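> Structure provided below as structure tokens; questions to follow.
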Amino acid sequence: MIGDTDFLLNAVVMSAKVPDRIASTSDALYMADSPVPSNIDKKILADSDLDYLMRRAAVEKAITRGLEEHNFEVYYQPTYFIDRKTVHGAEALLRLHDSVLGNVFPDEFIPLAEKMGLIDDLDDFVLCEVCRLLKSGIPMQYGLDCINVNLSVVQCMRPGFVERINKIVDSFGVDPKLVNFEITESVAASDYRILSDTIDALKHEGFLFSMDDYGTGYSNMQSIFSLDFDVVKIDKSILWSVNDGKLGGIILENSVRMIKQMKRRILVEGVETLEQAELLNKLGVDYLQGYYFSKPVPKGDFIGHIKKAYEAL
Ligand code: C2E
Ligand code: CA
Ligand code: CA
């Protein structure tokens, strides 16, 4: 129990051969420190059950290699106004093209980069790339309002964060109001003060903020109220649950109504079909994002996409 919160701890037993699999105490600690993937539900892990450890080690190598060899690339996924014709902006999403592992996706490498203490380098890289694109003036030429950049909440709360962001954006001479930071609210209530001070300081400079992943485990009403978000992004799982039965529709409809009453703009992600887009239009959300419009694509393809959309208006 920490504060008022109960944490349920799961125990698993792992067995591995020494020294074939575990050659040193640091190998054993590494094994203990590696989260067991959620698709493994056994209580006793042995032999090939432990292959995920090798995968983790391989991805960690790929991250280090990626930073040295410039294997990271920023992809862009456009976000649209509810008219389905006008591009509103884009989300920058990181990709890792590794010579050994092929393409590795952020759901896998971001948590590891955080553990390795390399997330700062990745976040800086993404922000610099986005600033470079904004500096070119191309997104604004095709009518875009801003580009969204994901931030790890842990980073936001570190001392010196605000200065670091300002320094990067300043060095490119980019107007802060063109950058919209997405953060997933996942911190304990006691940390609200720091997070909300950080958001206020950056908003004072002109940056915009979106709350990411609304409707997943962590997000809650208090943070929408107490943190000064411009946009709330409703998680794709909420939209997708509409097809699963009546309850999904009720949750979506009432989330939209509530967030609107809180005077926040709403983006729904994971829009894959015209039916979904039409439903969201009826509910009155502001922006849409998803494969229906475009997958995340490399910069060149993204520029081609927004040019075409602009010329079709
Ligand atoms: P997210 O912020 O929730 O990003 C949205 C994810 O949904 C992206 O996955 C995107 O490709 C995917 N997506 C968007 N529309 C659709 C759709 O219509 N259908 C389906 N099936 N998927 C859709 P991606 O690119 O794999 O990113 C995964 C997560 O990794 C992101 O989730 C974000 O939390 C994190 N991430 C990505 N880039 C960065 C980054 O530069 N910095 C940080 N800190 N995190 C990042
Ligand atoms: Ca995001
Ligand atoms: Ca999301």
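> If a residue counts only when it is β-branched (V, I, T), which helices (runs of 4 or more DSSP H) contained entirely in the range 221-287 have at least 2 such residues?
On the way: elements: 221-226, 236-240, 246-261, 274-283.
Hits in the range 221-287: 246-261.
> Is there any pair with a first residue in the range 112-125 that is closer than 12 Å to G66 by Cα and a second that is of a type in the set (V, I, T) whose Cβ atoms are under 7 Å apart and which are 6 or more apart or on different chains, and what are they?
Listed by first residue and then by second, the contacts come to A113/I63; A113/I119; L118/I63.
> With the structure loaded, tell me whether I238 is closer than 22 Å to D83 by Cα, under 18 Å from the mean Cα position of the chain (by Cα), at pLDDT below 95 and hydrophobic (A, V, I, L, M, F, W, C) or whether it fails that test.
Values: closer than 22 Å to D83 by Cα: yes; under 18 Å from the mean Cα position of the chain (by Cα): yes; at pLDDT below 95: yes; hydrophobic (A, V, I, L, M, F, W, C): yes.
When the stated conditions are applied, I238 passes them.
> Can you name the condition, by its number, that V130 falls short on among (1) away from ligand 3 (no atom under 16 Å from the Cβ); (2) open to solvent by 10 Å² or more (accessible area, probe 1.4 Å); (3) out of contact with any His (no Cβ under 7 Å at 6 or more places or on another chain); (4) at pLDDT 95 or above?
Checking V130 against (1) away from ligand 3 (no atom under 16 Å from the Cβ); (2) open to solvent by 10 Å² or more (accessible area, probe 1.4 Å); (3) out of contact with any His (no Cβ under 7 Å at 6 or more places or on another chain); (4) at pLDDT 95 or above, the one that fails is (2).
> Then there is this: Answer yes if at least one residue in the range 42-51 is touching a residue at least 60 places away in the same chain (Cβ under 8 Å) and not in a loop (DSSP other than H, G, I, E, B), and no otherwise. Quick ask: steps written out before the conclusion?
Our first condition is that a residue be touching a residue at least 60 places away in the same chain (Cβ under 8 Å); within the range 42-51, this holds for none.
Looking for residues that are touching a residue at least 60 places away in the same chain (Cβ under 8 Å) and not in a loop (DSSP other than H, G, I, E, B), one finds none in the range 42-51, hence no.
> Applying the selection to the range 201-250, what residues are more than 30 Å from E163 (Cβ to Cβ), touching a Ser or Thr at 6+ places or on another chain (Cβ under 9 Å) and either open to solvent by 30 Å² or more (accessible area, probe 1.4 Å) or within 16 Å of ligand 3 (Cβ to nearest atom) (or both)?
Initially, the range 201-250 is screened for residues more than 30 Å from E163 (Cβ to Cβ), giving 215-217, 221, 234-250.
Right, trim to touching a Ser or Thr at 6+ places or on another chain (Cβ under 9 Å) and you get 215-217, 234-235, 237-238, 247-249.
G215, T216, G217, I234, D235, S237, I238, L247 - these are the residues of the range 201-250 that are more than 30 Å from E163 (Cβ to Cβ), touching a Ser or Thr at 6+ places or on another chain (Cβ under 9 Å) and either open to solvent by 30 Å² or more (accessible area, probe 1.4 Å) or within 16 Å of ligand 3 (Cβ to nearest atom) (or both).
> Let me ask something additional. Return the only residue of A90, A113 being open to solvent by less than 30 Å² (accessible area, probe 1.4 Å) and either closer than 15 Å to V179 by Cβ or within 13 Å of the chain's Cα centre (by Cα) (or both).
Details: A113 fails: either closer than 15 Å to V179 by Cβ or within 13 Å of the chain's Cα centre (by Cα) (or both).
So the residue among A90, A113 that is open to solvent by less than 30 Å² (accessible area, probe 1.4 Å) and either closer than 15 Å to V179 by Cβ or within 13 Å of the chain's Cα centre (by Cα) (or both) is A90.
> Among the residues of the range 257-279, write down those that are within 16 Å of ligand 3 (Cβ to nearest atom) and either farther than 12 Å from K236 by Cβ or surrounded by fewer than 16 Cβ atoms within 10 Å (Cβ to Cβ) (or both). Even if it seems obvious, please write down each step before you answer.
Applying the first criterion (within 16 Å of ligand 3 (Cβ to nearest atom)) to the range 257-279 yields 259, 264-272, 276.
Within the range 257-279, I259, R264, R265, I266, E272 qualify.
> Follow-up. Among the numbered conditions (1) without any contact (Cβ under 8 Å) to a residue 60 or more places away in the chain; (2) closer than 24 Å to G270 by Cβ; (3) surrounded by 13 or more Cβ atoms within 10 Å (Cβ to Cβ), tell me where Y80 comes up short.
(1)
> For E60, are the conditions met, namely being in a helix (DSSP H, G or I), modelled with pLDDT of 95 or more, away from ligand 2 (no atom under 16 Å from the Cβ) and surrounded by fewer than 13 Cβ atoms within 10 Å (Cβ to Cβ)?
Here the answer is no, as E60 does not meet what is asked.
> Follow-up. Being of a type outside the set (A, V, I, L, M, F, W, C), touching a helix residue (DSSP H, G or I) at 6+ places or on another chain (Cβ under 9 Å) and surrounded by 14 or more Cβ atoms within 10 Å (Cβ to Cβ) is the requirement here; does S196 meet it?
Details: of a type outside the set (A, V, I, L, M, F, W, C): yes; touching a helix residue (DSSP H, G or I) at 6+ places or on another chain (Cβ under 9 Å): yes; surrounded by 14 or more Cβ atoms within 10 Å (Cβ to Cβ): yes.
So S196 fits the description; yes.
The values are calculated or read from the model by the stated rules, or taken from the named source; none is laboratory data. Please read all numbers here as calculations on a predicted model, not as lab measurements. Using ideal geometry, Cβ is built from the backbone for each residue, glycine included, and neighbour counts are taken over all protein chains shown. Heads up: the accessible areas ignore ligands, DNA and RNA and are worked out on the full protein's heavy atoms, side chains in. Shrake-Rupley method; radii C 1.70, N 1.55, O 1.52, S 1.80 Å.
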